[in-house]
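What follows is a short report on a single structure.
The values are calculated or read from the model by the stated rules, or taken from the named source; none is laboratory data. For clarity, every value in this text was computed on a predicted model and none was experimentally measured. Backbone-built Cβ (ideal geometry, glycine too); neighbour counts: all protein chains shown.
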């Protein structure tokens, strides 16, 4: 249950799957409304990971500075809890400047943590993670996924059999708590979120067109030197494949390419497939959210439509 004060200041939440055009819309909003952009992206927080995360370029950052980009180095870790703390502090500062926080991104877990708080899930246990990793080495992640399906079928159903990070975490929670993550997530939460959220989702009217965008964007990343970027990051930071930053879509596949496990063709094919899976998960999250106004991300006049809608909503809030 979330409580809002009648006079809570507005916060714009601009959400959508990868390649849905969030950055272009955000820049248009920042140019026409008194707002400041806060990135809600679990990959763009890493310094140096620019190509594979589709981080806004210098021109975009000059037009509208973004908060929560380049927060940590690739060998460090970040969490939804830390995001919530960082975002709320920034939102307070932005509001005190008489401006509106505009939160933009595709990390739905961060959006949920921000507005609904965090569930009381157990902390990571290195020993149990080692046990699960050993299981994965012997059976493969699809085998571990099958084990998860036995103890937490609801969580397993929404995870890809190769989504190592999330499978590991879900099974770890079960082993520690003795209960499936699904059950723990259903516990009621009470959190004070001192803003009136205006939730906007950019969703495709045609999934195939979004897939074409994903392919084009990944091709552009390869042309810009995704593999070379990762090579430099590995040398500079001494990265390992199990680090959270290296589990990001695109970098996982580029790592295998640099190790010689796959060729250039497989890098492209697997990178695009993994990005499509990411978009599918993001859309599933969006469908489960309430009080969200959807816009077709494929519309030619998308920025104008979102801007017009927001002007109406903000005016209504001021009147009330």
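Okay, here's what the table says:
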| item | result |
| --- | --- |
| Of all residues making up the stretch 164-206, the number that are surrounded by 14 or more Cβ atoms within 10 Å (Cβ to Cβ) and over 20 Å from residue 123 (Cα atoms) | 13 |
| Qualifying helices (runs of 4 or more DSSP H) (wholly inside the stretch 153-267; at least 3 residues being at pLDDT below 95) | 153-157, 164-177, 181-185 |
| Pair list, Cβ under 9 Å, 6 or more apart: the stretch 137-157 residue outside the structural domain of residue 179 (by TED's automatic domain parsing) and over 22 Å from residue 242 (Cβ atoms), other residue assigned to a helix (DSSP H, G or I) and modelled with pLDDT of 95 or more | none |
| Flag if residue 74 is over 24 Å from residue 177 (Cα atoms), touching a residue at least 12 places away in the same chain (Cβ under 8 Å), touching a helix residue (DSSP H, G or I) at 6+ places or on another chain (Cβ under 8 Å) and assigned to a loop (DSSP other than H, G, I, E, B) | yes |
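Residues are listed down the side, and each one gets a yes or a no for (1) surrounded by 17 or more Cβ atoms within 10 Å (Cβ to Cβ); (2) not in a helix (DSSP H, G or I):
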site: 98; (1), (2): no, yes
site: 104; (1), (2): yes, yes
site: 114; (1), (2): yes, no
site: 122; (1), (2): no, yes
site: 132; (1), (2): yes, no
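The rows are residues; the columns are (1) loosely packed, with under 14 Cβ neighbours inside 10 Å; (2) within 30 Å of residue 236 (Cα to Cα); (3) free of Cβ contacts under 8 Å to residues at least 60 places away in the same chain.
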{"site": "7", "(1), (2), (3)": "yes, no, yes"}
{"site": "17", "(1), (2), (3)": "no, no, no"}
{"site": "26", "(1), (2), (3)": "no, no, no"}
{"site": "35", "(1), (2), (3)": "no, no, no"}
{"site": "41", "(1), (2), (3)": "no, yes, no"}
{"site": "48", "(1), (2), (3)": "no, yes, no"}
{"site": "56", "(1), (2), (3)": "no, yes, yes"}
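Residue-by-condition table, conditions (1) more than 16 Å from the chain's Cα centre (by Cα); (2) modelled with pLDDT of 95 or more; (3) outside the structural domain of residue 106 (by TED's automatic domain parsing):
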{"residue": "52", "(1), (2), (3)": "no, yes, no"}
{"residue": "59", "(1), (2), (3)": "yes, no, no"}
{"residue": "63", "(1), (2), (3)": "yes, no, no"}
{"residue": "68", "(1), (2), (3)": "no, yes, no"}
{"residue": "82", "(1), (2), (3)": "no, no, no"}
{"residue": "86", "(1), (2), (3)": "no, yes, no"}
{"residue": "89", "(1), (2), (3)": "yes, yes, no"}
